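Before any comments, here is the structure.
No value in this document is a laboratory result; all are computed from the given coordinates. Treat the numbers as computed from the prediction; the structure is a model and nothing was measured. When we count neighbours, we look across all protein chains shown, and the Cβ atoms used for this are built from the backbone with ideal geometry, even at glycine.
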Amino acid sequence: MSIDLTEDERELAAMVRQFAEEVVAPVAYEADRTHTLPLDVIAQMGEMGLFGLPFPEEYGGQGGDYFALCLAIEALARVDQSVAITLEAGVSLGAMPVFKFGTEEQKQQLLPDLLAGRALAGFGLTEPEAGSDAGATRTTAREDGDEWVISGAKQFITNSGTDITRFVTVTAVTGQSENGKREISTIIVPSGTPGFTVEPAYDKVGWHASDTHPLTFDDARVPSGNLLGERGRGFKNFLEILDEGRIAIAALGTGAAEGCLEAAVDYVGKRTVFGAPLATRQHVQFLLARMRTRVHTSRLAWQHAARLRDAGKPFSEEAAIAKLVSSEAAMDNARDATQLFGGNGFMNEYPVARHYRDSKILEIGEGTTEVQLLIIARALGLVG
């Protein structure tokens, strides 16, 4: 199977690739070292229209599709996963829930700034006791007059504490359905809401420049109109959002795997060992060939899933396959590239070292490897 790109898609990929090399890459090391999201870079991405790629023009978007977004994410991830995940989460987890499930008033009020990159939003799903088992949500929201009163905690929430974070959408138990099951809904909580605290940022292994915080809610009050989507459908709606997000994460993993491959090919061509370039060693050539194969397979997987999504066809299994394949490709290529770099691969100034630290989370975030395997197994008709 091969995926042909349109002329517009090729131009977009080339434009973002050039931007990544000329603007993102030169500041990536310092941003990683200082654990600082480069908001000036984010602003330039907004001006380029990257945050608005898969949205209609009526809300300030570019009128493109999810495939276009993933092309941009892949190109950015080659040089800096932190910037790439900021775009991925800003669109898939920040703006997309509002676009898919929000009222017209919510869309008109919130989307223009999100799609222009002037604002970011977070996605408050994961909790200390509700990770892969997201249905075990303990955060609650009770009605009090014309307000929701929210109490609980969220963790590992991307884009939740930047200077331009506008709000976080949270899942919360809002009651019980007729069959006795817990009713989970989603509610928009604006930044600065009394009782809503963005806790200090995590000291993470990787993605140092990406903004990630735990959140606490202590009787935080928001208007009843901040309910996002139909009451009681929050969990189902966010499963749909996660399916799409896995395609974007797969594109990110593909970009990371390719970045490692390109860096390794360049390095072994220059590095002389025992009187000959490292690239002349057959075992090195075989290693690079395997790295290239992983990139190719990963790209085909996410592009196929994205085409299905944009065509309105079922894509959940294909998204899980793409996420599984690409996250493992990124981790494997990062490990192999670091080995080829030797001692230099252990120095953070080299991109392969950052990819080595960054790539592990791709096997965990937006559904662990085990969750992807479970989805694929269920698609085979297996239960238990």
What number does the chain give for Rg over Rh if you use C-alpha atoms and the Kirkwood radius? 0.99
I need the GluC sites (Glu not before Pro) found in region 206-264, filtered to DSSP loop residues with at most 14 other beta carbons within 10 Å of theirs. GLU230
Report the gain in length on full extension from ASP163 to GLU240: 0.36 nm times residue separation, minus Cα-Cα distance, nm rounded to one decimal. 24.9 nm
Multiply the residue gap between GLN282 and ASN179 by 0.36 nm, knock off their C-alpha separation, and tell me the result in nm, one decimal place. 30.7 nm
Vicinal HN-Hα couplings computed from phi for region 274-281 (Karplus, 6.51 cos²θ - 1.76 cosθ + 1.60; Hz; Gly/Pro x): 6, x, 9, x, 4, 5, 7, 6
Residue among LYS154, LYS204, LYS360 with the largest mean-square fluctuation in a Gaussian network model of the chain, springs linking Cα atoms under 10 Å: LYS204
Non-local residues with an amide H under 5 Å from the amide H of VAL273, with H modelled 1.01 Å from N and Pro and chain starts lacking one, are LEU278
Long-range amide H partners of GLY124 with built H, under 5 Å: THR169, VAL170, THR171
What lysines could a cross-link reach from LYS154, if we take a straight Cα to Cα line under 22 Å and drop same-chain neighbours fewer than 8 places away? LYS181, LYS204, LYS236, LYS360
So what's the gap between the Cα centers of region 292-327 and region 78-127, to the nearest angstrom? 22 Å
Report ³J(HN,Hα) in whole Hz for each residue of region 204-211, in order, from the Karplus equation J = 6.51 cos²θ - 1.76 cosθ + 1.60 where θ = phi - 60°; Gly and Pro get x. 8, 5, x, 6, 4, 8, 7, 7
For region 16-28, what does the Karplus curve 6.51 cos²θ - 1.76 cosθ + 1.60, with θ = phi - 60°, yield as ³J(HN,Hα) per residue in whole Hz, taken in order and with x for Gly and Pro? 5, 4, 5, 4, 4, 6, 8, 10, 6, 4, x, 10, 5
Highest mean first, how do 338-344, 110-116, 168-174 rank when packing is the count of other Cβ atoms within 10 Å averaged over residues? 168-174, 110-116, 338-344
What order, most packed first, do the peptides 296-309, 371-384, 24-37 have when packing is the mean number of other Cβ atoms within 10 Å of each residue? 296-309, 24-37, 371-384
Which residues qualify? For GLU147, with a placed amide H closer than 5 Å and at least 5 residues away or on another chain, they are SER224
